[in-house]
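A quick write-up on the structure given underneath.
Just so you know, all these numbers are worked out from the coordinates, no wet-lab data involved. From a predicted model like this one, the values you see are computed outputs, not experimental measurements. With ideal geometry, Cβ positions are generated from the backbone for all residues, glycine too; neighbour counts draw on all protein chains shown.
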């Protein structure tokens with residue numbers, strides 16, 4: 001008798017039961033086992049297809065970064081509810097239960113039916129990262145570890161894991177099996193044992209943060225070293241750092257795993273990282289404010305719908321090399337800045353003091369204080385004795401090399417155009433009439449450069465393009481190694497690890513941190529710039545908050561994360577580049593960023609729990625929800 005594979009919507013079964021013996025098993029498809037598993041080629045096709053909804057959960061940069069201090073989502077008149085915590089226990093999970101069970105079933109089928117041990121190991125990787133994706137968000141998932149059929153009524157009633165401790169045991173078991181059985185090499189876009197080690201190292205740090213089980217630190221170190229010592233991956237040069245995220249470096253030797261899309265079925269509009277980071281500005285608007293006109297004959301260089309932007313808070317993390325003593329410092333502490341710029345009196349600034357063309361700078365919303373403190377936090381102007389009178393040069397020259405390949409800033413080049421983000425510049429926040437920022441223009445004074453592909457003839461929603469997301473790379477392994485050593489109190493090894501990326505990618509002098517407090521400070525700064533805009537930082541801040549102490553501004557473990565509870569900032573540079581101000585981004589109430597400790601574990605959607613409860617499946621909600 002032929003065996004058949006049934007793709008059953010298990011989520012419907014689990015959430016829609018009205019009686020113990022009533023199972024809705026549709027929609028389903030049946031495939032002959034021999035057709036799918038009868039050859040290595042067909043089995044591999046099934047496995048590769050199963051990357052969708054498992055591995056691909058780790059793609060996407062823009063939104064994840066926008067809920068950290070590194071970024072903001074500022075879209076016309078719409079408030080982003082997540083960073084200000086305007087949501088409740090009915091909020092969705094990382095992946096809806098319907099999709100989760102469909103993807104989990106495919107993973108279990110691979111583990112049970114794949115014809116080779118290597119493919120089975122790949123199934124363990126896919127299941128492990130699927131569990132990890134859910135656990136990072138809400139700490140818990142439904143652990144079904146085999147292929148179910150309609151007769152498995154009790155298995156359909158499986159409860160969510162009790163807590164992150166139980167969840168991470170499942171995750172580590174799967175990822176460890178993957179590292180033991182997967183091949184050492186693979187084609188681009190396909191995982192191998194080192195991709196499994198990369199995920200294992202990443203998950204181990206998160207597991208330690210939520211369980212405080214020290215053996216996870218050993219796992220994080222073991223897997224990071226397995227990748228580093230394999231010799232198969234090499235840190236790219238500072239000059240090529242940005243190329244890893246665009247066509248020029250899509251197969252860079254630093255990349256452990258990436259997700260590749262071909263132009264045949266991919267357009268600019270498919271990704272926030274393209275259509276939602278490029279502004280929408282034409283030459284008529286530029287002419288009105290007196291900015292530099294675009295070189296494109298029709299002024300159509302920028303026709304995106306930008307709503308995701310880097311913040312001044314991120315820019316502050318990129319150190320500048322002091323031209324006097326050649327040490328790395330924050331930009332506002334270098335000799336070249338201090339010799340030429342003086343602090344202005346913030347209280348002297350009135351509405352329109354820096355500009356009245358098109359929009360006032362400051363505008364009324366920039367003045368005074370709010371519940372988070374002073375709205376304008378820094379005001380500077382060129383000294384009468386200055387030898388350099390261009391504030392943009394003083395701020396942006398001699399930076400960490402990654403700065404130039406991550407963000408678009410005043411007087412830089414981007415998408416074949418000379419860019420001005422200062423007041424009345426061609427990509428200024430207020431260049432459009434509609435409102436003073438966020439009208440598909442920057443909310444912060446900056447745009448994302450990282451992962452923006454040059455598309456011919458231009459970046460436009462319907463234009464086709466190749467695209468890829470870097471999911472794991474060697475730089476992260478050094479970051480994970482440094483973090484694990486810091487948690488073990490080994491300052492020397494931690495600093496050695498963080499210096500690998502700081503020096504190679506950043507072209508900066510090495511950190512000389514000798515105390516745990518200084519090492520944590522340098523490490524957090526390094527991770528924020530090394531892993532900026534790669535879907536990493538939100539989860540890192542959650543870890544650091546769980547650690548407490550030097551990792552979270554001296555707060556207790558599990559306390560409020562100050563960095564997620566503080567407004568993010570913008571910069572305004574005057575048209576003559578002789579003055580600047582830094583202020584909170586207040587558009588649409590964005591200044592009200594809030595983090596409460598219940599957000600360490602997001603809720604299991606209450607609607608899901610209610611549906612399961614109606615069928616006699618009684619799961620507890622997460623703490624605080």
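Applying 1/(1 + (r/R0)^6) with r as the Cβ-Cβ distance of residue 32 and residue 606 and R0 = 60 angstrom yields a FRET efficiency of 0.90.
When the chain is fully extended, how far beyond the present Cα-Cα distance does residue 385 get from residue 237, taking 0.36 nm per residue of separation? Before the final figure, lay out each step's value.
Numbers: separation 148, 0.36 × 148 = 53.28 nm, distance 3.88 nm.
That works out to 49.4 nm of additional length.
In this label model, residue 165 and residue 418 are separated by 6.4 nm, measuring between points 7 Å along each Cα→Cβ vector. Peptides 140-151, 492-503 ranked from most to least packed give 492-503, 140-151, packing being the mean of other C-beta atoms within 10 angstrom over each peptide's residues. If a spin label sat at a point 7 angstrom from the Cα of residue 557 along the line to its beta carbon, the backbone N atoms of the range 600-625 nearer than 18 Å would be those of 600-601.
Peptide packing: for 200-208, 346-354, the average count of neighbouring Cβ atoms within 10 Å per residue gives the ranking 200-208, 346-354, highest mean first. When every Cα-Cα distance of the chain is counted in 20 angstrom steps from zero, the calculated P(r) takes the values 19, 51, 27, 4, 0 percent. A straight chain from residue 357 to residue 492 at 0.36 nm per residue would run longer than the Cα-Cα distance by 43.2 nm.
Assuming R0 = 51 Å, can you tell me the calculated FRET efficiency for the pair residue 333 and residue 247, based on Cβ-Cβ distance, to the nearest 0.05? Working shown, then result.
On the way: r = 38 Å, r/R0 = 0.74.
E between residue 333 and residue 247, to the nearest 0.05, is 0.85.
Counted over all Cα-Cα pairs of the range 155-226, pairs farther apart than 18 Å make up 42 percent.
Arranged by the count of other C-beta atoms within 10 angstrom, fewest first, what order do 396, 63 take? Lowest to highest Cβ neighbour count: 63, 396. Centre-to-centre separation between the Cα atoms of the range 590-625 and those of the range 482-527: 36 Å. Translational diffusion coefficient of the range 282-433 (Stokes-Einstein, Kirkwood radius from Cα pairs, 4 °C, 1.567 mPa s): 75 µm²/s.
Need the full-extension length gain, residue 326 to residue 343, defined as separation in residues times 0.36 nm minus the C-alpha distance. One decimal, nm.
On the way: separation 17, 0.36 × 17 = 6.12 nm, distance 2.34 nm.
So the chain would gain 3.8 nm between residue 326 and residue 343.
By the count of neighbouring beta-carbon atoms within 10 Å, fewest first, 152, 32 end up ordered 32, 152.
Given a Förster radius of 56 Å and the C-beta distance between residue 365 and residue 39 as r, what FRET efficiency does 1/(1 + (r/R0)^6) yield to the nearest 0.05? Result of the calculation: an efficiency of 0.30.
Take the Cα of residue 377, step 7 Å toward its Cβ, do the same at residue 296, and the gap between the two points is 3.4 nm.
Each label point was placed 7 Å from the Cα along the Cα-to-Cβ direction; for residue 158 and residue 514 their separation is 5.4 nm.
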